[in-house]
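One structure is given below, encoded as structure tokens.
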Amino acid sequence: MVVNFRPAATEWEKGPIVSSRLAALVLAVLLVGLASPARSDDFAEGNAWQWGTFASDGAATLVEDEVGRVVAGQASIRFTTESGFDTGVIYPAARDAHWDLSAMTLLEFWEYAVNDNPNGFQGPQPVVVLETPTGKIRYEPREIEMFDRAWHLYRIPLAGDEFWTRTEIGNPDITDVLSLEIHQDTWDDGFTIYYDGVHFVQMNPGGLPPYGPPPPAGVDPDQVEVRALLLVYDPVMENKGGLRRHQAYGWNDPLQLVEQIVADLATSSHDRAAYRVVETMIVDDYPVMLDGFRYDDASYDQALATGEWHDVGFDYARMIADANLAHRIESGEIDEIWIYDAPGGGMWESTMAGDGGYWCNSPPVEGVPSERVFVVMGWNTERGVAEALHSWGHRAESIMVHSYGPWEPNRETTWNAFTLQDRQVPGQGSIGNVHFPVNGEADYDYSNPRYVSSDADDWYDYPAMTGRRRMINDREWSPEHVDPHREYLNWWYDHMPHATSKGADHFLANWWRYLLDPEQFKGWDGRLYYASGFGDVAITTPAAGEAVAGVVTVKARIAMDGATGRADLYVDGQYVATDKLAPWTFHWDARGLSGEHRIEVRAYELQAGTESSSPPVTVSVGPVAPVPGEVSPPGSHDPLSWTDNRTLVWEPAEASGAERFNLYRGAVKWLDDGVGGSCRLAGLEAPGAVDAETPWPGEAWFYLVTGESSGGEGIRGRDSAGQVRTSSPSCY
């Protein structure tokens with residue numbers, strides 16, 4: 001494929017959200033299911049015409065069916081308002097439901113908010129009101145319970161509890177409920193909310209859900225498999241004899257450091273953290289700062305000698321765009337990014353990017369077009385494994401605070417108890433935190449011989465702790481004092497809860513799931529008190545009746561009432577593969593098969609392995625087509641070109657056997673480093689695509705296109721030396 005270069009543009013626009021009005025459904029309260037909790041139908045399933053809206057200031061409101069952003073079923077309800085005061089939705093608008101909720105215990109619904117106002121939502125919300133002929137019941141949370149750009153499942157006890165205040169107005173009759181209202185309020189004005197999976201549930205909270213079947217042989221349900229991309233800024237310094245920077249200054253080899261980090265985390269997590277570096281990019285370049293500044297060999301050497309750095313911070317959004325990493329995160333090709341740089345790079349030790357990102361030892365990165373949140377680690381080749389584990393530890397602390405709330409020196413939460421130090425409560429210490437061991441008296445006090453009482457041994461039996469204690473000091477983690485910093489951190493990780501199911505506090509007894517799966521828990525704290533353990537599972541690709549061949553990509557959507565641990569793919573009732581992180585994606589090798597085959601995805605919740613299955617999808621497996629030839633080879637009449645500043649077109653190349661196309665993108669300045677373009681859009685059915693993103697001024701991206709058939713993917717074209725261009729990994 002001929003390579004096309006895209007220069008920087010001055011403006012771009014986002015595409016619209018796809019929505020559609022579906023056929024109306026008549027909904028009534030029905031008790032369904034045997035193993036799962038009794039529940040009503042989903043009130044937000046293609047029936048926007050039955051919903052009403054309100055705004056106390058008379059501002060414009062709109063409710064529509066939505067199929068582009070869905071968490072349960074086939075559709076959600078999209079509510080758009082220009083109000084800045086009390087506003088929301090009513091179901092049903094006619095207020096004629098007449099629900100008998102005397103046997104129900106919870107109202108459940110999912111919300112996804114898009115609020116661009118600087119201060120977000122205002123006051124404790126969402127507020128829910130149930131209206132009856134004789135009065136109303138109002139439910140108000142004790143604090144703002146809104147998460148921007150993240151699905152959040154609300155479980156509101158109809159009897160109220162310590163979090164949801166229940167207030168009766170008049171003399172309401174729970175056996176004859178006419179409607180429900182969901183109220184929202186914002187600072188400034190205007191926002192959008194998607195509602196999905198709205199229903200009433202009958203269940204007994206607090207206990208374990210029904211146990212599911214044992215996992216397939218070789219599958220550890222509590223191990224989290226994480227795909228990391230390693231990006232190394234390690235320029236060749238011409239002023240240092242052509243050595244890579246880490247060699248020129250006698251610093252550590254980043255590849256060797258990463259091997260040790262992966263091994264340490266696997267061991268100290270009891271094999272819960274299963275990192276795999278799926279790609280390594282070594283860039284002969286210096287990182288770009290937020291103001292556009294970039295060192296060269298001479299200016300870097302001078303800054304290192306004088307200590308006068310350009311301290312404005314690393315431009316994460318620019319790096320992510322240049323390497324096209326947001327798309328790769330969203331597709332599940334990679335789960336997080338590790339960056340190795342050197343002194344002066346301006347990176348945080350850890351940070352989050354993507355929608356729903358929160359404080360992760362630094363503010364979240366703005367301007368990254370990914371609906372999936374992810375962690376970016378920033379490490380320094382001047383330092384060792386201990387410092388990398390230290391940075392990872394601050395990431396862990398931030399994530400645990402996201403789940404457990406304010407971090408205080410007491411035993412009121414399990415996290416607080418785990419990190420408690422003797423200096424805070426003499427005689428009651430446990431493990432400590434990243435900076436302070438249990439016996440520490442100052443920051444980084446990893447070699448303190450002072451003996452203190454600790455319940456460290458008891459944490460190995462979590463959640464069945466008995467309170468046993470003994471006296472320990474630094475010899476506990478560093479008996480020979482080889483590397484007390486690194487040894488302490490591995491000891492700290494080694495004591496973290498890593499058991500199955502959940503603890504008495506109703507949080508997972510395996511904290512590594514929280515630490516490695518931020519996307520699942522970005523919109524809630526992960527506490528499982530009301531969780532039924534059942535999920536809504538749907539196969540999104542391929543479609544029922546679709547003709548497939550070769551290696552078939554299977555994708556699923558899972559909305560779990562609890563914590564999803566894994567999803568398994570079954571074909572014709574036989575186990576095929578497991579995925580541990582969303583987006584749930586499998587690659588089924590159907591070569592050599594023919595005829596109809598039945599695909600099913602089964603999801604498993606972590607408390608008891610409770611199983612939820614998708615409706616089966618039957619596909620027709622046909623013969624494998626020949627591998628397509630090169631798209632738009634040299635001499636093509638219609639090679640890759642731009643029709644405007646966002647639309648690419650190319651020669652269809654039917655003669656090459658292409659059934660669909662894949663578009664790759666990369667930074668021009670990285671081509672000489674062997675960093676090929678990465679997948680931007682896959683499975684395009686027409687010879688064209690839209691990329692609304694643009695490079696920064698002074699930069700350029702390159703694009704290339706491949707053809708794909710059931711037999712595989714065609715070549716990516718040839719460079720000026722006649723070699724086939726590389727792109728790692730492939731869209732196919």
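Observations, loosely collected:
- The fewest-to-most ranking of 506, 495 by surrounding Cβ atoms within 10 Å reads 506, 495.
- Entry note, the chain: relative contact order of 13 percent, from Cα contacts under 8 Å with a spacing of 6+ residues.
- Backbone phi angles across region 124-129, fed through the Karplus curve with coefficients 6.51, -1.76 and 1.60 (θ = phi - 60°), yield HN-Hα couplings of x, 6, x, 9, 10, 10 Hz in residue order; Gly and Pro are listed as x.
- Mean separation of Cα contacts under 8 Å (6+ apart) over length of region 414-509, as relative contact order %: 22
- Neighbour cut-off at most 15 other Cβ (10 Å), DSSP loop, GluC sites (Glu not before Pro), region 410-512: 412, 441, 480
- Exposure proxy ranking, count of Cβ atoms within 10 Å, fewest first, for 188, 173: 188, 173
- Phi angles across region 346-354 convert, under the Karplus curve 6.51 cos²θ - 1.76 cosθ + 1.60 with θ = phi - 60°, into 3J(HN,Hα) values of x, 8, 6, 4, 7, 7, 10, 9, x Hz, Gly and Pro given as x.
- Distance in nm between pseudo-label sites at residue 302 and residue 219 (7 Å out along the Cβ direction from Cα): 5.9
- Remark: region 658-732 is approximated by an ellipsoid whose semi-axes, taken from the C-alpha gyration tensor as √(5λ), come to 21, 16, 9 Å, largest first.
- Subtracting the Cα-Cα distance of residue 481 and residue 544 from 0.36 nm times their residue separation leaves 16.5 nm of extension gain.
- Farthest toward positive dipole pole in the chain [+1 Lys/Arg, -1 Asp/Glu at C-beta], among 729, 688, 141: 729
- Loop-located chymotrypsin sites (Phe, Trp or Tyr not before Pro) in region 312-417 (DSSP state other than H, G, I, E, B) with a sparse environment of at most 15 neighbouring Cβ atoms within 10 Å: 359, 407.
- Pairs of Cα atoms nearer than 8 Å and 6+ residues apart set the relative contact order; for region 224-383 it is 27 percent.
- Debye equation applied to the C-alpha atoms of region 38-202, log10 I(q)/I(0) at 0.09, 0.10 Å⁻¹: -0.27, -0.33
- Added length on full extension, which subtracts the Cα-Cα distance from 0.36 nm per residue, residue 162 to residue 686: 183.1 nm
- In region 51-145, GluC sites (Glu not before Pro) in a DSSP loop with at most 12 other beta-carbon atoms within 10 Å: 143
- If only the Cβ of Lys and Arg carry +1 and only the Cβ of Asp and Glu carry -1, the dipole of region 38-202 around its Cα centre is close to 240 debye.
- By the rule of a second cysteine Cβ within less than 4.7 angstrom, the chain holds isolated cysteines at 360.
- Cα gyration tensor category, rounded, prolate or oblate, for the chain with a/c compared to 1.5: oblate
- Region 414-509, Rg to Rh (Cα coordinates; Rh as Kirkwood inverse mean 1/r): 0.96
- Placing unit charges on each Cβ (+1 for Lys and Arg, -1 for Asp and Glu) gives the chain a dipole about its Cα centre, and among 74, 649, 343 the Cα reaching farthest toward its positive end belongs to 74.
- Charge dipole (debye, nearest 20) of region 535-621; +1 at Cβ of Lys and Arg, -1 at Cβ of Asp and Glu: 200
- Proportion of all alpha-carbon pairs of region 458-610 beyond 20 Å (%): 61
- Rg/Rh ratio calculated on Cα atoms of region 306-443 (Kirkwood radius): 1.04
- Residue (of 585, 569, 421) at the positive-pole extreme of the chain, dipole from beta-carbon charges: 569
Just so you know, all these numbers are worked out from the coordinates, no wet-lab data involved. What you see is a predicted model, and the numbers here were worked out from it, not measured in a lab. Every residue, glycine as well, gets a Cβ built from its backbone with ideal geometry; the counts of neighbours run over all protein chains shown.
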